[in-house]
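Here is the structure we will look at.
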Amino acid sequence: MKINKLLVANRGEIALRVMRTAREMGIKTVAIYSEADRNALHVRYADEAVCVGPAPSAQSYLRGDAIIEVCRKLGVDAIHPGYGFLSENANFARQVQEAGLIFIGPSPESIEVMGSKLAAKAAVSGYNIPMVPGTPDAIDDREEAKVISAKIGYPILIKASAGGGGKGMRVVEKEADFDEQMDRAVSEAISSFGDGSVFIEKYVTSPRHVEIQVLGDQHGNIIHLFERECSVQRRHQKVVEEAPSAILTPEIREAMGQAAVDVARACGYYGAGTVEFIVDANLNFYFLEMNTRLQVEHPVSELITGVDLVEQMIYIAEGKELTIKQEDLKIKGHAVEVRVYAEDPANNFLPDVGTLETYVRPQGNGVRVDDGFEQGMAIPIYYDPMIAKLITYGNDRAAAIQKMIRAIDEYQITGVQTTLPFCKFVMEHDAFRSGQFDTGFVANYFTPDVLKTEADPQEIELAAVLAAYLLNTQKPNAATVQSVTAPSKSRWRERRLG
Ligand code: ADP
């Protein structure tokens, strides 16, 4: 069925990103928004826009019933959920279908199976997919858990089955710490996901996070679009991503791609999805989980393959057969993405929401900025404080990194602190540049003082003169002082996505 009018059940950069492709395809777009997002770019970009409730997501972006009602009223025929919010909610996907609408994503059954890490492992068990040693089921008998952990060998990881965004995960170094970490994992799993079931996995040392992008149609064709490396993480959450990975050989890439296609096949997958693997120091790879939606970091795959993933998602949802064959796909060049957050890297990455006093995007060859803001706009306190995804593309990895440094230098943002200086630190670090790093990169190398650059003597003198002048003539500018000292203003406590 041809889609003529599409509603994006999301906000910010991803809503815009989806609408842009829809517009290119001649599809009318409908935005939904909360009262906090009245002036948001996605609202202005859409052909039509409807307010679905007050600022908190539970009263707006998560109101599936209200969103379906908007579709009925406006004659919408398909919903794209973006990432986060309702994108991995099997009940919502089902309600959308029951309302006679197209859900641009996989079947509710696929979402359900892959939404639970344990169900996912069970589903793929017949496919010879390498898995991290661990318990196949949830475990609540502590003594038994300790026996198993001893057998697997410490360090081990306690993980929430319903987990996501790095939450509900605890590393246990030795048996003496087991009970304490178990308590924490269970309580975090209950508070974040309403489900306290946890399981045990061996903690892979020097782990790298490598994931494979897959696309499947409703006729059983499944292809993969190579890997993304997402090993630069803070607290198990991605901050820098790239494609391809600096370490995979063509043979391992092929094997991982095949494994990912098998995982997708195991749950009858269609749409765009991501199969996540953990890779150890010897390049052994193990299945972690599958994300049944478009990922935040999908642009790096688009740049190296030339495929518009949203366009493919729409075609697949319309019931079309994939026209791209595996053998048609080749990796061309290298792409790097950094996530630009309104957070202060010098102050433990505390959210620093406020108004974008200056906001000038970098431009030029090989630079893509996916964002949802303009100069003068305020970053709402209710949602993830991501300002933008900055993506660069070059002929090879070194070129993409150089372009990223240039683009970071060009990016002008004032009014809030951002993670740009941190991203530049990563780009300039020898371990990152050499490709020899793992998920411990940030913990191993980053401390706030690495952001302190050697000041130019002239600048120091100028600052001293200015300070003396200010002291003599006026009170310090309240806005500037506030942005340095204000405690976290954000109410954002939800999980961050891959
Ligand atoms: P989530 O759904 O919360 O994102 P994942 O299972 O995808 O959880 O894991 C997130 C991150 O946690 C991985 O990218 C990796 O850095 C780390 N991790 C997960 N499992 C292991 C493991 N068995 N050993 C080492 N690190 C792991």
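The values are calculated or read from the model by the stated rules, or taken from the named source; none is laboratory data. All of these numbers come straight from a predicted model, not from anything done at the bench. Reconstructed Cβ throughout: ideal geometry from the backbone, glycine too, with neighbour counts over all protein chains shown. Ligands, DNA and RNA are stripped out before the accessible areas are found, and what is left, the full protein with its side chains, is counted by its heavy atoms. Shrake-Rupley method; radii C 1.70, N 1.55, O 1.52, S 1.80 Å.
Among Y341, Q97, F193, which residue has its Cα positioned farthest towards the positive end of the charge dipole of the chain, with +1 placed on the Cβ of Lys and Arg, -1 on the Cβ of Asp and Glu, and the dipole taken about the Cα centre?
Q97
Using only alpha carbons, build the gyration tensor for the range 296-380 and give me the equivalent ellipsoid semi-axes, biggest first, whole Å. It would help to have the intermediate numbers written out before the result.
Values: eigenvalues 226, 51, 33 Å².
Semi-axes from the Cα gyration tensor: 34, 16, 13 Å.
Over the Cα atoms of the range 192-256, what radius of gyration and what Dmax do you get, in Å?
15.3, 41
Compute the distance in nm between two label points, each set 7 Å from the Cα along the Cα-to-Cβ direction, one at N91 and one at T358.
So the label points at N91 and T358 sit 4.8 nm apart.
For the range 5-104, how big is the tail of P(r) above 17 Å, as a whole percent of Cα pairs?
Here the long-distance tail beyond 17 Å is 43 percent of all Cα pairs in the range 5-104.
Among 14-24, 52-62, what's the highest-first ranking by average C-beta atoms within 10 angstrom per residue?
Details: 14-24: 21.8, 52-62: 17.8.
Going by the mean number of other Cβ atoms within 10 Å, highest first, we get 14-24, 52-62.
Order of 226-235, 302-311 by packing, highest average Cβ count within 10 Å first? Could you put the intermediate results ahead of the total?
On the way: 226-235: 23.5, 302-311: 19.6.
Ranked from most to least packed, the peptides come out as 226-235, 302-311.
Search the structure for amide H atoms under 5 Å from the amide H of G354, placed 1.01 Å from N in the peptide plane, and list their residues when 5 or more places away or on another chain.
I379
Anything over 28 Å Cα to Cα? Flag those among K2/K238; K2/K332; K330/K389; K73/K389; K332/K389, in the order listed.
Checking Cα-Cα distances, K2/K238; K2/K332; K73/K389 exceed 28 Å.
Let me check against my output: what whole-number percent is the relative contact order of the range 237-300, with C-alpha pairs under 8 Å and at least 6 apart? Each step should come with its number before you reach the end.
Values: 48 pairs, mean separation 19.0, N = 64.
This gives 30 percent for the range 237-300.
With a 10 Å radius around each residue's Cβ, average the other Cβ atoms per peptide and rank 80-86, 107-113, 405-411, highest first. Display every interim value, and only then the final one.
Values: 80-86: 24.6, 107-113: 20.7, 405-411: 18.1.
The most tightly packed comes first, giving 80-86, 107-113, 405-411.
I'd like the projected area of the range 133-202, averaged over all directions, using the convex hull of its alpha carbons. Report it in nm² with one decimal.
3.9
At a threshold of 8 angstrom on Cα-Cα distance, excluding pairs fewer than six apart, so keeping six or more, what relative contact order does the chain reach in percent? Spell out each step's value before the answer.
Numbers: 1038 pairs, mean separation 69.3, N = 498.
So the answer I get is 14 percent.
Non-local amide H neighbours of R293 (under 5 Å, H modeled in plane, Pro and chain starts lacking H): which ones?
T274
For the chain, with every protein chain kept in place, what is the accessible area per residue (1.4 Å probe, Å²)?
Per-residue accessible area for the chain comes out at 42 Å².
Restricting to Cα pairs below 8 Å that are 6+ residues apart, what does the relative contact order work out to for the range 113-170? Please round to a whole percent.
34
If you wrap a convex hull around the Cα atoms of the chain, how much volume per residue is inside, in Å³? Spell out each step's value before the answer.
Values: hull volume 77.6 nm³, N = 498.
Given the Cα convex hull of the chain, per-residue volume reads 156 Å³.
Report, in whole Å, the centroid distance computed from the Cα atoms of the range 326-347 and the range 141-164.
33
If you project the alpha carbons of the range 42-153 onto their three principal axes, what span does each projection cover, largest first, in Å?
That gives 59, 31, 24 Å along the principal axes, largest extent first.
With only alpha-carbon pairs counted, each pair once and no self-pairs, how large is the Kirkwood hydrodynamic radius of the range 208-451 in angstroms?
After inverting the mean inverse Cα-Cα distance, the result is 18.6 Å.
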